[in-house]
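The values are calculated or read from the model by the stated rules, or taken from the named source; none is laboratory data. None of these values were measured; they are calculated from a predicted model. Counting neighbours? That spans all protein chains shown, and the Cβs are built from the backbone with ideal geometry, glycine included. Surface accessibility is based on the protein's heavy atoms, side chains included, excluding ligands, DNA and RNA. Shrake-Rupley method; radii C 1.70, N 1.55, O 1.52, S 1.80 Å.
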Amino acid sequence: MSRFDNKTALITGGASGIGAASVKRFFSEGANIVIADMDTVSGEKLVAELGEERVAFVKTNVSDWASVQAMVAFSVEKFGRIDVLFNNAGIDNYGLTPDLDVEQWRKVITIDLDSVFYGCKAVIPVMRENGGGAIINTASASGLAGDYGMTAYNAAKGGVVNYTRAVAVDHAKENIRVNAICPGPVATPIIAKAQQIPGLQEAWDAAVPMGRFAKADEIAAVVVFLASDDASYVTGSIMSVDGGLTAHTGQPNITNIIANAKEVNKM
Ligand code: NAD
């Protein structure tokens with residue numbers, strides 16, 4: 001008996017990165033899975049890899065309310081119920097406020113924040129009928145503080161964080177648990193282009209107390225925990241999965257500086 005036998009998990013952005021790692025993890029724990037993504041090629045490839053018996057793909061644009069309603073209707077039609085919604089699809093964005101087009105701002109807010117509201121709005125009535133469920137929203141370490149040049153992303157992910165708390169409070173008595181994860185840097189396609197900028201990888205690793213990026217599997221493990229009955233008393237929590245990134249004030253590493261100064265004095 002596995003933790004998700006006879007349960008259905010609907011995973012947005014499930015064709016790549018954190019979403020795809022979560023698809024595989026839910027699959028290994030017995031769930032039926034609906035992968036919802038814009039990327040049909042990668043989504044269908046994952047279905048072919050895992051088999052059509054327990055995995056299905058539905059092309060979805062999470063920033064479009066009608067598309068999200070169709071995604072939920074497809075999942076109910078296919079597997080009869082939805083026990084878990086992982087609102088995970090998202091895009092990143094760089095740009096200082098004066099340089100950011102209004103359209104660019106709206107795009108980030110609608111894909112990264114409106115989508116989470118749409119997903120919850122469409123799935124909560126289904127979960128009510130089932131007697132409960134678990135929703136996990138992908139926020140980010142960037143939802144907890146500001147980054148240089150990432151205003152739209154910071155605003156959207158900050159919105160996901162507080163929306164998660166509010167919706168968790170509203171539906172706690174209906175046995176619908178709602179939590180958010182805040183990953184630090186994770187080695188996925190979304191971040192791959194930035195990793196190629198000379199010096200950025202080293203600077204990023206140095207900013208994370210654990211000294212490295214997460215693997216997508218390490219995020220998926222937390223998602224599956226939050227979705228499971230092992231987290232039955234966890235709702236409204238904002239879980240950092242960031243190698244210590246946001247535990248740090250940002251002050252310089254005084255211990256290292258003192259040690260280096262002593263080395264210099266010995267010379
Ligand atoms: P990824 O690019 O590998 O996956 C994102 C997926 O979302 C893709 O499959 C893409 O096709 C899909 N998607 C994008 N826009 C969509 C839309 N409008 N409708 C449907 N699907 C859409 O990136 P990832 O790192 O796995 O990102 C997943 C989530 O994690 C995002 O919300 C991202 O902001 C968040 N996150 C990522 C990191 C990181 O370092 N990788 C850190 C913190 C948070």
Subject >> Criterion violated by Glu218 - all others in (1) out of contact with any helix residue (DSSP H, G or I) (no Cβ under 7 Å at 6 or more places or on another chain); (2) over 20 Å from Gly13 (Cα atoms); (3) charged (D, E, K, R) satisfied >> reply: (2)
Subject >> Members of the range 44-62 found to be within 9 Å of the ligand (Cβ to nearest atom) and either in contact with an Asp or Glu (Cβ under 6 Å, 6 or more places away or on another chain) or of a type in the set (Lys, Arg) (or both), listed by number >> reply: Lys59
**OP:** Starting from the range 200-222, keep only residues that are more than 12 Å from the ligand (Cβ to nearest atom), then list their pairs with residues that are part of a helix (DSSP H, G or I) and of a type in the set (A, V, I, L, M) whose Cβ atoms are within a distance under 8 Å, requiring at least 6 positions of separation or different chains.
**Re:** Leu200/Ala194; Ala207/Leu245; Pro209/Leu245; Pro209/Ala247
Original post:
Just for helices (runs of 4 or more DSSP H) wholly inside the range 137-208: which have at least 1 residues that are in contact with a Pro (Cβ under 9 Å, 6 or more places away or on another chain) and at negative phi?
Top reply: 189-195, 200-207
Original post:
Does Leu144 satisfy the condition of being in contact (Cβ under 8 Å) with a residue 60 or more places away in the chain, among the hydrophobic types (A, V, I, L, M, F, W, C), open to solvent by 70 Å² or more (accessible area, probe 1.4 Å) and under 21 Å from Pro185 (Cα atoms)?
Top reply: yes
**OP:** Return the pairs, sorted by first residue and then second, in which the second residue is open to solvent by 40 Å² or more (accessible area, probe 1.4 Å) and away from the ligand (no atom under 16 Å from the Cβ), the first residue lies in the range 78-107 and is among the acidic types (Asp, Glu), the beta carbons are less than 7 Å apart, and the residues are 6+ apart or on different chains.
**Re:** Asp83/Lys7; Asp83/Asn130
Original post:
Which one of these does Ala9 not meet: (1) within 11 Å of the ligand (Cβ to nearest atom); (2) open to solvent by less than 70 Å² (accessible area, probe 1.4 Å); (3) under 20 Å from Ala139 (Cα atoms)?
Top reply: (1)
Subject >> Condition check for Ala180: under 26 Å from Ser16 (Cβ atoms) and free of Cβ contacts under 8 Å to residues at least 60 places away in the same chain >> reply: yes
**OP:** Return the pairs, sorted by first residue and then second, in which the second residue is surrounded by 12 or more Cβ atoms within 10 Å (Cβ to Cβ) and of a type in the set (Asp, Glu), the first residue lies in the range 48-62 and is closer than 15 Å to Thr8 by Cβ, the beta carbons are less than 8 Å apart, and the residues are 6+ apart or on different chains.
**Re:** Phe57/Asp37; Phe57/Glu44
**OP:** Test Ala187 against the criterion of being within 11 Å of the ligand (Cβ to nearest atom) and surrounded by 13 or more Cβ atoms within 10 Å (Cβ to Cβ), and give yes or no.
**Re:** yes
Subject >> Subset of the range 68-84 (residues that are open to solvent by less than 30 Å² (accessible area, probe 1.4 Å) and in contact with a strand residue (DSSP E or B) (Cβ under 8 Å, 6 or more places away or on another chain)) >> reply: Met71, Val72, Ser75, Ile82, Asp83, Val84
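Which residue is most open to solvent (accessible area, probe 1.4 Å), if the candidates are limited to the range 30-43 and must be more than 8 Å from the ligand (Cβ to nearest atom) and either touching a residue at least 40 places away in the same chain (Cβ under 8 Å) or more than 15 Å from Gly17 (Cα to Cα) (or both)?
Checked the range 30-43; the qualifying residue most open to solvent (accessible area, probe 1.4 Å) is Asn32.
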Original post:
What do you reckon, is Gly19 within 12 Å of the ligand (Cβ to nearest atom), part of a helix (DSSP H, G or I) and in contact (Cβ under 8 Å) with a residue 12 or more places away in the chain?
Top reply: yes
**OP:** Keeping to the range 103-154, report how many residues are within 17 Å of Ile11 (Cα to Cα) and basic (Lys, Arg).
**Re:** 1
